[in-house]
Amino acid sequence: MWNNLYNVRDRFYSRKSVRDYLNIKLNIDVINVLIDIGFSGPVSGGLKCVFIREISNSKEKRICYKGAYYQEHVLKAPHIFLIGCNDSIIKKKYNREYVNVFSCQNSVIAAQNIIIAAHEFGLGTCFIGAIRKDILVEGLNLDKGYNPWCILCLGLNRGDNIEI
Ligand SMILES: Cc1cc2nc3c(=O)[nH]c(=O)nc-3n(C[C@H](O)[C@H](O)[C@H](O)COP(=O)(O)O)c2cc1C
């Protein structure tokens, strides 16, 4: 049972944030599986409150770029996800003091699951926590209660020298 102890640890340590991607779109199945995996983690109260939205059109991508303090890799990554929670769902079950913290925790767990899974698929990611919620909420026209916590960049690492 513990044969893989050090291999598993080494897999985690081999993950590094990637900020320079090949300009190649991934297969839709890969994207969908990663999104599913994002929803597989623990969530406060087992609520269905996490949202993981792939931002694919270029106008929305530019809004994310602006909403991430103009970090170039947000603009250049072939795929980006906006991850957060619908706080109105959390509010129905928990006191106000818990809403923000659960919202953040749920979202970051979802992001981390995607990060680890992507690494296992040979893909690079970068967690973007430096965001301006005001720009994202307004620019992307997010529904009331939708609270974004991070952007996740995803793609093939240019540094991996993959043969196409
Ligand atoms: C809460 C948090 C916020 C982060 N925000 C950003 C960010 O806005 N932009 C970025 O390029 N990397 C961001 N990162 C990635 C870190 O810079 C990175 O994980 C760290 O330097 C360690 O490097 P590694 O991921 O390669 O191990 C963030 C990571 C965390 C956990």
Item to check | Rg(Cα) / (2.2 N^0.38 Å) computed for the chain, rounded to two decimals | outcome: 1.07
Checklist entry - What is the distance in Å between the Cα centres of the range 73-141 and the range 5-47? => result 13
Checklist entry - Of the peptides 108-116, 8-16, how do they stack up when ordered by the mean number of other Cβ atoms within 10 Å, highest first? => result 108-116, 8-16
Item to check | Computed FRET value (nearest 0.05) for residue 62 with residue 93, which takes r as the C-beta separation and R₀ as 35 Å | outcome: 0.45
Item to check | Structure-based [θ]222 nm, the chain - -39500 (n - 2.57) summed over DSSP H runs of at least 4, per residue, nearest 500 | outcome: -13500 deg cm²/dmol
Item to check | Å² per residue, accessible surface of the chain at 1.4 Å | outcome: 59
Next on the checklist: To check my understanding: the extent here is largest minus smallest coordinate of the Cα atoms along each principal axis. What are those three numbers for the range 47-141, in Å, largest first?
Outcome noted: 40, 33, 20
Checklist entry - What FRET efficiency comes out for the pair residue 104/residue 20, r = Cβ-Cβ distance, R0 = 30 Å, nearest 0.05? => result 0.60
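The values are calculated or read from the model by the stated rules, or taken from the named source; none is laboratory data. This one's a predicted model, so the numbers in the text were calculated from it and none came from an experiment. Note: ideal-geometry Cβ built from the backbone for every residue, glycine included; neighbour counts use all protein chains shown. Quick note on the areas: whole protein, heavy atoms, side chains included, nothing else; ligands and nucleic acids left out. Shrake-Rupley method; radii C 1.70, N 1.55, O 1.52, S 1.80 Å.
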